[in-house]
Amino acid sequence: MLQNTLAKLYRDEAGYIVSAELVLVATIAVLALVVGLSEVAHAVNDELEDVASAFGNLSQTYQVYGTSGHKGNVNGSSFYDTPDFCDNPCDIVSTPAVGENI
């Protein structure tokens, strides 16, 4: 009885076409995901570069003026920021997509 059932399962080809289509659809889906995730990675890098450039371009200078009155005074305070070595708005440059020439 067990041999009969195994022989029937071995000769059964009812799901062959469906599994081949499933493999084809899965392959196309994986390729689309790879391309899509590559584009997402470029977009995330561009946005992070924009954020880094925005932080680098912030003016960190401040100044508090002192006051003086009848019997006292308060000194002021100031700070001036100089550009750092890494304050460049074009640090990360992503390359554009290039098509294949056949």
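Throughout, read-outs are computed from the coordinates displayed, never taken from laboratory work. This one's a predicted model, so the numbers in the text were calculated from it and none came from an experiment. Here the Cβ positions follow ideal geometry from the backbone for every residue, glycine too, while neighbour counts run over all protein chains shown.
Give me log10 I(q)/I(0) at q = 0.20 Å⁻¹ for the stretch 2-79, Debye formula, one equal scatterer per alpha-carbon, no solvent.
Cα-only, vacuum Debye calculation for the stretch 2-79: -0.97.
What ranking, highest mean first, results for peptides 39-50, 69-80 when packing means the other Cβ atoms within 10 Å averaged over each residue?
Packing proxy ranking, top to bottom: 39-50, 69-80.
Using r as the Cβ-Cβ distance of Val51 and Ser78, and R0 as 22 Å, what FRET efficiency do you calculate, to the nearest 0.05?
It comes out at approximately 0.20.
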